Amino acid sequence: MREVVLDTETTGFDPETGDRIVEIGAVELMGHMATGKTYHQYINPERSMPEEAFQVHGLDDDFLRDKPKFAQVGQAFLDFIGDAKLVIHNASFDIKFLNAELKWIGLPQIPWEQAIDTLEIARKRFPGSPASLDALCRRFNIDNSSRTLHGALLDSEILAEVYLELIGGRQPDFGLSTSSQSESGLGGEEWTPRPRPVPLKSRISEKEAAAHADFVAKLGDDAVWLKT
(Lines give C-alpha, C1' and ligand atoms only; values in the text may rest on other atoms or scores of the structure.)
Protein backbone atom coordinates (compact mmCIF):
# COMPACT_ATOMS: atom_id res chain seq x y z
CA MET A 1 0.00 0.00 0.00
CA ARG A 2 1.43 3.34 -1.07
CA GLU A 3 0.92 6.43 1.09
CA VAL A 4 2.34 9.94 0.79
CA VAL A 5 2.96 12.01 3.92
CA LEU A 6 2.49 15.63 2.93
CA ASP A 7 2.85 19.17 4.27
CA THR A 8 2.59 22.67 2.81
CA GLU A 9 3.69 26.14 3.83
CA THR A 10 1.61 29.15 2.78
CA THR A 11 1.38 32.92 2.93
CA GLY A 12 -1.59 32.76 5.30
CA PHE A 13 -4.77 30.94 6.19
CA ASP A 14 -7.24 31.39 3.34
CA PRO A 15 -6.69 30.96 -0.42
CA GLU A 16 -10.01 32.69 -1.11
CA THR A 17 -8.56 35.95 0.22
CA GLY A 18 -5.38 35.71 -1.82
CA ASP A 19 -3.11 33.46 0.20
CA ARG A 20 -0.94 31.01 -1.73
CA ILE A 21 1.24 27.93 -1.27
CA VAL A 22 4.98 28.63 -1.04
CA GLU A 23 6.36 25.15 -0.28
CA ILE A 24 5.30 21.52 -0.64
CA GLY A 25 7.11 18.60 0.95
CA ALA A 26 6.15 14.93 0.74
CA VAL A 27 7.56 11.57 1.81
CA GLU A 28 6.59 8.26 0.22
CA LEU A 29 5.65 5.27 2.37
CA MET A 30 5.19 1.74 1.07
CA GLY A 31 3.66 -0.77 3.45
CA HIS A 32 4.00 1.83 6.24
CA MET A 33 7.76 2.15 5.68
CA ALA A 34 9.65 5.08 4.18
CA THR A 35 11.08 4.30 0.75
CA GLY A 36 13.48 7.24 0.66
CA LYS A 37 11.57 8.84 -2.22
CA THR A 38 10.50 12.41 -1.57
CA TYR A 39 8.96 15.41 -3.30
CA HIS A 40 10.06 18.94 -2.39
CA GLN A 41 9.28 22.21 -4.13
CA TYR A 42 9.50 25.89 -3.23
CA ILE A 43 6.95 27.99 -5.10
CA ASN A 44 6.75 31.66 -6.08
CA PRO A 45 3.39 32.80 -4.64
CA GLU A 46 3.20 35.79 -6.99
CA ARG A 47 2.49 38.07 -4.04
CA SER A 48 4.36 39.53 -1.06
CA MET A 49 5.01 37.52 2.08
CA PRO A 50 3.20 38.72 5.21
CA GLU A 51 5.46 39.17 8.22
CA GLU A 52 3.34 36.77 10.29
CA ALA A 53 3.85 33.97 7.77
CA PHE A 54 7.56 34.73 7.43
CA GLN A 55 7.97 34.29 11.19
CA VAL A 56 6.51 30.78 10.86
CA HIS A 57 8.56 29.37 7.96
CA GLY A 58 11.30 31.91 7.22
CA LEU A 59 10.61 32.10 3.46
CA ASP A 60 10.81 35.68 2.22
CA ASP A 61 10.16 37.46 -1.07
CA ASP A 62 13.81 37.48 -2.13
CA PHE A 63 14.20 33.73 -1.63
CA LEU A 64 10.99 32.84 -3.48
CA ARG A 65 11.30 35.32 -6.34
CA ASP A 66 13.13 32.95 -8.73
CA LYS A 67 11.20 29.83 -7.76
CA PRO A 68 8.66 28.30 -10.19
CA LYS A 69 5.00 29.27 -10.02
CA PHE A 70 2.45 26.63 -9.05
CA ALA A 71 1.26 26.42 -12.66
CA GLN A 72 4.73 25.16 -13.59
CA VAL A 73 4.86 22.38 -10.98
CA GLY A 74 1.22 21.42 -10.40
CA GLN A 75 1.18 18.49 -12.82
CA ALA A 76 4.47 17.10 -11.51
CA PHE A 77 3.03 17.24 -8.00
CA LEU A 78 -0.10 15.33 -9.07
CA ASP A 79 2.08 12.78 -10.86
CA PHE A 80 4.05 12.20 -7.64
CA ILE A 81 1.06 11.68 -5.34
CA GLY A 82 -0.99 9.68 -7.86
CA ASP A 83 -3.88 7.94 -6.13
CA ALA A 84 -1.95 7.28 -2.90
CA LYS A 85 -3.55 8.08 0.42
CA LEU A 86 -2.29 11.46 1.63
CA VAL A 87 -1.24 11.55 5.28
CA ILE A 88 -1.60 15.15 6.49
CA HIS A 89 -1.73 16.85 9.89
CA ASN A 90 -4.87 19.03 9.81
CA ALA A 91 -5.71 17.80 6.32
CA SER A 92 -8.54 20.27 5.71
CA PHE A 93 -6.03 23.15 5.66
CA ASP A 94 -3.62 21.64 3.13
CA ILE A 95 -6.28 20.10 0.89
CA LYS A 96 -8.12 23.43 0.80
CA PHE A 97 -4.98 25.20 -0.45
CA LEU A 98 -3.92 22.48 -2.86
CA ASN A 99 -7.37 22.29 -4.45
CA ALA A 100 -7.54 26.06 -4.79
CA GLU A 101 -4.18 26.14 -6.57
CA LEU A 102 -5.15 23.20 -8.79
CA LYS A 103 -8.50 24.78 -9.67
CA TRP A 104 -6.86 28.06 -10.69
CA ILE A 105 -4.72 26.28 -13.29
CA GLY A 106 -7.40 23.86 -14.49
CA LEU A 107 -6.01 20.64 -13.02
CA PRO A 108 -8.05 17.91 -11.27
CA GLN A 109 -8.97 18.39 -7.61
CA ILE A 110 -7.79 16.06 -4.85
CA PRO A 111 -10.77 14.12 -3.41
CA TRP A 112 -11.26 14.79 0.30
CA GLU A 113 -11.52 11.07 0.96
CA GLN A 114 -7.97 10.60 -0.34
CA ALA A 115 -6.63 12.27 2.82
CA ILE A 116 -5.82 10.68 6.18
CA ASP A 117 -5.88 13.34 8.91
CA THR A 118 -3.36 12.60 11.66
CA LEU A 119 -4.76 15.45 13.75
CA GLU A 120 -8.11 13.69 13.82
CA ILE A 121 -6.46 10.35 14.64
CA ALA A 122 -4.50 11.93 17.51
CA ARG A 123 -7.58 13.61 18.98
CA LYS A 124 -9.46 10.30 18.96
CA ARG A 125 -6.58 8.37 20.52
CA PHE A 126 -5.72 11.00 23.13
CA PRO A 127 -8.88 13.02 23.82
CA GLY A 128 -8.25 16.25 25.69
CA SER A 129 -4.48 16.12 25.13
CA PRO A 130 -2.45 18.49 22.92
CA ALA A 131 -2.38 17.16 19.36
CA SER A 132 0.07 19.49 17.61
CA LEU A 133 2.98 17.92 15.74
CA ASP A 134 5.40 19.10 18.43
CA ALA A 135 3.19 17.67 21.20
CA LEU A 136 3.00 14.31 19.43
CA CYS A 137 6.77 14.26 18.99
CA ARG A 138 7.12 14.71 22.75
CA ARG A 139 4.58 11.96 23.41
CA PHE A 140 6.36 9.47 21.13
CA ASN A 141 9.90 10.59 21.98
CA ILE A 142 10.61 11.63 18.38
CA ASP A 143 13.52 14.02 17.94
CA ASN A 144 12.33 17.27 16.34
CA SER A 145 15.17 19.47 17.61
CA SER A 146 15.95 20.63 14.06
CA ARG A 147 12.45 22.07 13.72
CA THR A 148 13.25 25.67 14.68
CA LEU A 149 11.06 26.89 11.81
CA HIS A 150 8.30 25.12 9.93
CA GLY A 151 9.53 23.49 6.73
CA ALA A 152 7.34 21.33 4.51
CA LEU A 153 9.79 18.49 3.84
CA LEU A 154 11.17 18.35 7.38
CA ASP A 155 7.65 18.41 8.82
CA SER A 156 6.63 15.61 6.43
CA GLU A 157 9.55 13.46 7.57
CA ILE A 158 8.66 14.07 11.22
CA LEU A 159 4.97 13.48 10.55
CA ALA A 160 5.78 10.15 8.89
CA GLU A 161 7.32 8.95 12.17
CA VAL A 162 4.38 10.32 14.18
CA TYR A 163 1.88 8.65 11.83
CA LEU A 164 3.50 5.24 12.19
CA GLU A 165 3.31 5.58 15.98
CA LEU A 166 -0.32 6.70 15.82
CA ILE A 167 -1.36 3.61 13.87
CA GLY A 168 0.36 1.25 16.25
CA GLY A 169 4.09 1.27 15.68
CA ARG A 170 6.63 1.34 12.89
CA GLN A 171 5.58 -2.01 11.40
CA PRO A 172 1.91 -2.48 12.29
CA ASP A 173 1.44 -5.56 10.11
CA PHE A 174 4.68 -7.19 11.38
CA GLY A 175 5.77 -7.77 7.79
CA LEU A 176 3.05 -10.38 7.21
CA SER A 177 1.32 -8.54 4.38
CA THR A 178 0.44 -10.76 1.43
CA SER A 179 -0.26 -7.93 -1.00
CA SER A 180 0.92 -8.63 -4.51
CA GLN A 181 3.44 -6.45 -6.30
CA SER A 182 0.76 -5.19 -8.67
CA GLU A 183 -1.27 -3.95 -5.68
CA SER A 184 1.72 -2.01 -4.43
CA GLY A 185 1.68 0.24 -7.47
CA LEU A 186 5.18 -0.81 -8.51
CA GLY A 187 4.20 -3.08 -11.41
CA GLY A 188 6.54 -6.06 -11.65
CA GLU A 189 9.40 -4.39 -9.81
CA GLU A 190 10.07 -5.88 -6.40
CA TRP A 191 10.26 -3.24 -3.69
CA THR A 192 12.48 -3.51 -0.64
CA PRO A 193 12.83 -0.92 2.13
CA ARG A 194 15.92 1.23 2.13
CA PRO A 195 18.02 1.64 5.29
CA ARG A 196 17.72 4.92 7.18
CA PRO A 197 20.59 7.36 6.44
CA VAL A 198 20.91 7.92 10.20
CA PRO A 199 19.85 5.13 12.60
CA LEU A 200 17.14 6.04 15.10
CA LYS A 201 18.37 6.80 18.59
CA SER A 202 17.85 4.05 21.15
CA ARG A 203 14.83 4.67 23.38
CA ILE A 204 16.41 2.61 26.19
CA SER A 205 18.35 4.69 28.70
CA GLU A 206 21.71 3.58 30.09
CA LYS A 207 20.02 3.09 33.47
CA GLU A 208 17.34 0.83 31.94
CA ALA A 209 19.96 -1.18 30.01
CA ALA A 210 21.99 -1.69 33.17
CA ALA A 211 18.91 -2.78 35.12
CA HIS A 212 18.03 -5.30 32.41
CA ALA A 213 21.56 -6.72 32.36
CA ASP A 214 21.45 -7.10 36.15
CA PHE A 215 18.06 -8.85 35.90
CA VAL A 216 19.31 -11.29 33.23
CA ALA A 217 22.43 -12.09 35.26
CA LYS A 218 20.22 -13.28 38.12
CA LEU A 219 18.40 -15.76 35.85
CA GLY A 220 21.42 -17.99 35.37
CA ASP A 221 23.01 -19.53 32.29
CA ASP A 222 19.68 -20.75 30.85
CA ALA A 223 18.24 -17.24 30.43
CA VAL A 224 16.76 -16.92 26.94
CA TRP A 225 18.48 -13.53 26.43
CA LEU A 226 21.87 -15.27 26.64
CA LYS A 227 20.97 -17.57 23.74
CA THR A 228 20.13 -14.92 21.12
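Given the residues S92, S179, S156, which is the only one that is in contact with a Gly (Cβ under 6 Å, 6 or more places away or on another chain) and either polar (S, T, N, Q) or at pLDDT 95 or above (or both)?
Selected residue: S156, the only one of S92, S179, S156 that is in contact with a Gly (Cβ under 6 Å, 6 or more places away or on another chain) and either polar (S, T, N, Q) or at pLDDT 95 or above (or both).
Tell me which of these R47 doesn't satisfy, since it passes every other one: (1) modelled with pLDDT of 95 or more; (2) of a type outside the set (A, V, I, L, M); (3) closer than 23 Å to A131 by Cα.
Here R47 clears every test but (3).
So which helices (runs of 4 or more DSSP H) are wholly in the stretch 1-102 and hold at least 3 residues that are touching a residue at least 40 places away in the same chain (Cβ under 8 Å) and either among the aliphatic types (A, V, I, L, M) or more than 19 Å from D117 (Cα to Cα) (or both)?
In the stretch 1-102, the matching helices (runs of 4 or more DSSP H) lie at 51-57, 70-81.
Cβ-Cβ distance below 7 Å, separation of 6 or more or different chains: which pairs start in the stretch 117-131 with a residue that is under 17 Å from A160 (Cα atoms) and end on one that is surrounded by fewer than 12 Cβ atoms within 10 Å (Cβ to Cβ) and of a type in the set (G, A, S)?
none
Would you please name the residue that is nearest to Q75 (Cα to Cα), looking only at residues in the stretch 8-43 that are buried (at least 17 other Cβ atoms within 10 Å of the Cβ) and among the charged types (D, E, K, R)?
Checking each candidate, the answer is E23.
Suppose we filter the stretch 44-66 for residues that are buried (at least 17 other Cβ atoms within 10 Å of the Cβ) and farther than 18 Å from T17 by Cα; how many remain?
The total comes to 3.
Considering each residue of the stretch 20-41, count those that are in contact with a helix residue (DSSP H, G or I) (Cβ under 6 Å, 6 or more places away or on another chain) and of a type in the set (S, T, Y), and give that number.
The qualifying residues number 1.
Among the residues of the stretch 144-156, is any in a helix (DSSP H, G or I), surrounded by 14 or more Cβ atoms within 10 Å (Cβ to Cβ), free of Cβ contacts under 8 Å to residues at least 60 places away in the same chain and over 13 Å from the mean Cα position of the chain (by Cα)?
Taking every residue of the stretch 144-156 in turn, none turns out to be in a helix (DSSP H, G or I), surrounded by 14 or more Cβ atoms within 10 Å (Cβ to Cβ), free of Cβ contacts under 8 Å to residues at least 60 places away in the same chain and over 13 Å from the mean Cα position of the chain (by Cα).
Could you tell me whether the stretch 96-116 includes any residue that is within 20 Å of L159 (Cβ to Cβ), among the polar types (S, T, N, Q) and in contact with a Leu (Cβ under 9 Å, 6 or more places away or on another chain)?
Yes, there is a match, as at least one residue in the stretch 96-116 is within 20 Å of L159 (Cβ to Cβ), among the polar types (S, T, N, Q) and in contact with a Leu (Cβ under 9 Å, 6 or more places away or on another chain).
Only one of these conditions is not met by T118: (1) at pLDDT below 95; (2) in contact with a His (Cβ under 7 Å, 6 or more places away or on another chain); (3) not acidic (D, E). Which number is it?
(1)
The values are calculated or read from the model by the stated rules, or taken from the named source; none is laboratory data. These figures come from a predicted structure and were not determined experimentally. Backbone-built Cβ (ideal geometry, glycine too); neighbour counts: all protein chains shown.
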